[in-house]
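The block underneath contains the structure these notes are about, expressed in structure tokens.
The values are calculated or read from the model by the stated rules, or taken from the named source; none is laboratory data. This one's a predicted model, so the numbers in the text were calculated from it and none came from an experiment. Reconstructed Cβ throughout: ideal geometry from the backbone, glycine too, with neighbour counts over all protein chains shown.
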Amino acid sequence: MAMAIAHLIIMIPFLIFAIILSKGKGGFLLAGYNNLPESEKEQYDEVALCKFMGKMMYGICLSFFYLL
């Protein structure tokens, strides 16, 4: 039971980040991207990058859900 509670506690922030990122917002949350100079950030599609990372975060949440 304690492990299930621990997995839920870990899963909740991942789910929140997944929701934010899947909307195409939250580029500041992406490690590495937020440290790039503006000239290099122009080379990347921030919305597509955020949506991709949102999908990855949903996958992580799903894997934690399966561990319950």
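Can you say whether residue 61 is in contact with a Leu (Cβ under 7 Å, 6 or more places away or on another chain), closer than 25 Å to residue 6 by Cα and surrounded by 12 or more Cβ atoms within 10 Å (Cβ to Cβ), as far as the supplied structure shows?
On the way: in contact with a Leu (Cβ under 7 Å, 6 or more places away or on another chain): yes; closer than 25 Å to residue 6 by Cα: yes; surrounded by 12 or more Cβ atoms within 10 Å (Cβ to Cβ): yes.
Considered against the rule, which asks whether it is in contact with a Leu (Cβ under 7 Å, 6 or more places away or on another chain), closer than 25 Å to residue 6 by Cα and surrounded by 12 or more Cβ atoms within 10 Å (Cβ to Cβ), residue 61 comes out as yes.
Which residues, counting only those in the stretch 8-45, are surrounded by fewer than 16 Cβ atoms within 10 Å (Cβ to Cβ), of a type outside the set (A, V, I, L, M, F, W, C) and part of a helix (DSSP H, G or I)?
13, 38, 39, 40, 41
In the stretch 4-45, what residues are in contact (Cβ under 8 Å) with a residue 40 or more places away in the chain and of a type in the set (A, V, I, L, M)?
Scanning the stretch 4-45 gives 4, 8, 10, 11, 15, 18.
Right, residue 52: under 8 Å from the mean Cα position of the chain (by Cα), hydrophobic (A, V, I, L, M, F, W, C) and modelled with pLDDT of 90 or more or not?
On the way: under 8 Å from the mean Cα position of the chain (by Cα): no; hydrophobic (A, V, I, L, M, F, W, C): yes; modelled with pLDDT of 90 or more: yes.
Spelling it out, it is not the case that residue 52 is under 8 Å from the mean Cα position of the chain (by Cα), hydrophobic (A, V, I, L, M, F, W, C) and modelled with pLDDT of 90 or more.
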